[in-house]
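In what follows, a structure is listed as structure tokens, so that the remarks can point back to it.
Nothing in this text is a laboratory measurement; each read-out follows from the coordinates by a stated rule. This structure is a prediction, so every number in the text was calculated from the model and none was measured. Reconstructed Cβ throughout: ideal geometry from the backbone, glycine too, with neighbour counts over all protein chains shown.
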Amino acid sequence: MFKKIMKGGHRKPSKSDATDPSAYSFGPPGNCNSGSVSTTNVVVNHASRPGPAASGPNSNCATGVVTLAPPTGSIEPLPLFRDVPASERQNLFIRKLQICCYQFVFSDTLKSAREKEIKRQTLLELVDVIQSGSGKITETCQEEMIRMISVNIFRCLPPAAHENTGQENADPEEDEPYLEPSWQHLQLVYELLLRYVVSSDTDTKIAKRYIDHSFVLKLLDLFNSEDPREREYLKTILHRIYGKFMVHRPFIRKAINNIFYRFIYETERHSGVGELLEILGSIINGFALPMKEEHKLFLVRALIPLHKPKSIAIYHQQLSYCITQFVEKDFKLADTVVRGLLKYWPLTNCQKEVLFLGELEEVLEATQSAEFQRCMVPLFRQIARCLNSSHFQVAERALFLWNNEHIVGLIAQNRGVVLPIIFEALEKNIRSHWNQAVHGLTVNVRKMFMEMDIELFEECQRQYTEREMKAKDVEEQRELAWKRLADVAAQRGGDYMVTV
């Protein structure tokens, strides 16, 4: 009985099915691949890089499901919009969208070359229609357009290079980016979505039914694409959606938060952190004052911990901009930011230290005296350690802080606290640092402190000399104690003593 059911469930296609164009005729709106015989659907999943989910109102042309192209020759170009009466343009628009629902294999450039070109030309015409704003698009057409866009862009991303090779500790900066083979089509689909979002004819009350939370979440998933061209389009589109659809703003911020949390505490790998931070930089710039507690928590829980991953160099410029924006918006956050930087200060990564010092200068430039006083003791203890770094770039970058007039002004106001902390580091550099550039910069900083307050400088020098003398006495006492122990051991039983 089971065998009969199985045989009846799968009918072998006849030759007439394969050649009949009506098998790929376009059905009514709302089903991108409907017809007398439905096209084959193939689901592709990869455990480590999940694509956008296939659920939600935008997934009737199953998102995450590839609508395979029909046999060669079964797609014919449709007439241009200008060649048909206005009354037929809506139906023609939908038919063109249905053509664009087909997916092609780009690993073979010669396969379905004619059909690929038809789809490309159709997409170009659709972009022109939306961009020209020649007529308001009906709600049905908007629904079909978002559905076609979903079919094309929402897909499972290929595994990253480190997943293919199994090298977990590979440097993300050295990975060769994967370029999407279907970009000639994908670019036009993204362009169509962008033109639709920015169009003045797009009614947000209608559009938000289709560009909903599910759609936005799937867009955010695509930021993990390795193709920088795709991430650039996604950045622009998401930024425009954030600006136009106010109802989505809290959701977008929360979703970006969640991406950062997973990146920081789980994977430490994500291709689109820099682009997401660029969007956030613009969002932070528009925050109203007084700043909401939600935004301050975002700074403490997401942005500051982003200094932890090893791959920070990839997105540090954007991160530093976001952090500085917060301090410029609310100067009282400077103490929180500085202490956050000190918490994640690298111990063995010199290049990362150079980045931190550069960011620290930008933050201090926006810091006022009261906030500076709250954090200056732990701050200059860390700077003193950087001054004595054997890596000349770290020491040099720390000394460059004294080239900033605002920072020098803050130091001058609080020189009674700052100079005693770093005096020893300055003296050590002058006496023993191997790099001539560092030596010269240290002499300049030392001279600057002498000109600020000669009495304070001499007092620090006196205390340093006393500490040096005490340390020398302690060392002499230690050596003397060991010598006495060695003598006693020699007297009691020199035969059994092991000398080193």
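Give the shape of the range 330-450 as rounded, prolate or oblate, defined through the alpha-carbon gyration tensor: a ≥ b ≥ c are the square roots of its eigenvalues, a/c under 1.5 means rounded, and otherwise the shape is prolate if a/b is larger than b/c and oblate if not.
Oblate is the answer for the range 330-450, as a/c is 1.5 or above yet b/c matches or exceeds a/b.
Using 0.36 nm per residue, how much length does the chain from residue 462 to residue 339 gain when fully extended, once their Cα-Cα distance is taken away?
41.1 nm
Give a quick list of trypsin sites (Lys or Arg not before Pro) in the range 290-349 that DSSP marks as loop, anything other than H, G, I, E or B, with at most 16 other Cβ atoms within 10 Å. List each step's numbers first, then the result.
Values: sites: 292, 296, 301, 310, 329, 332, 339, 343; in loops: 292.
Answer by residue number: 292.
Answer rounded, prolate or oblate for the range 218-297, using the Cα gyration tensor with square roots of eigenvalues a ≥ b ≥ c: rounded when a/c is under 1.5, else prolate when a/b is larger than b/c, else oblate. Before the final figure, lay out each step's value.
On the way: a/c = 2.04, a/b = 1.31, b/c = 1.55.
Judged from the Cα gyration tensor, the range 218-297 comes out oblate (a/c at least 1.5, b/c at or above a/b).
Quickly rank 188-194, 125-131, 428-434 as a protection proxy: mean count of other C-beta atoms within 10 Å, highest first. The partial results should precede the final answer.
Values: 188-194: 22.0, 125-131: 18.4, 428-434: 13.9.
In descending order of packing, they fall as 188-194, 125-131, 428-434.
What is the extension gain from residue 254 to residue 390, computed as 0.36 nm multiplied by their sequence separation minus the C-alpha to C-alpha distance, in nm to one decimal? Before the final figure, lay out each step's value.
Numbers: separation 136, 0.36 × 136 = 48.96 nm, distance 4.23 nm.
This chain segment gains 44.7 nm when fully extended.
As a quick test, which of the pairs 235/329; 116/244; 116/254; 119/218; 254/332; 208/343 have an alpha carbon distance above 31 angstrom in this structure?
On the way: 235/329 24 Å; 116/244 33 Å; 116/254 39 Å; 119/218 24 Å; 254/332 24 Å; 208/343 42 Å.
Where the Cα-Cα span goes over 31 Å, the pairs concerned are 116/244; 116/254; 208/343.
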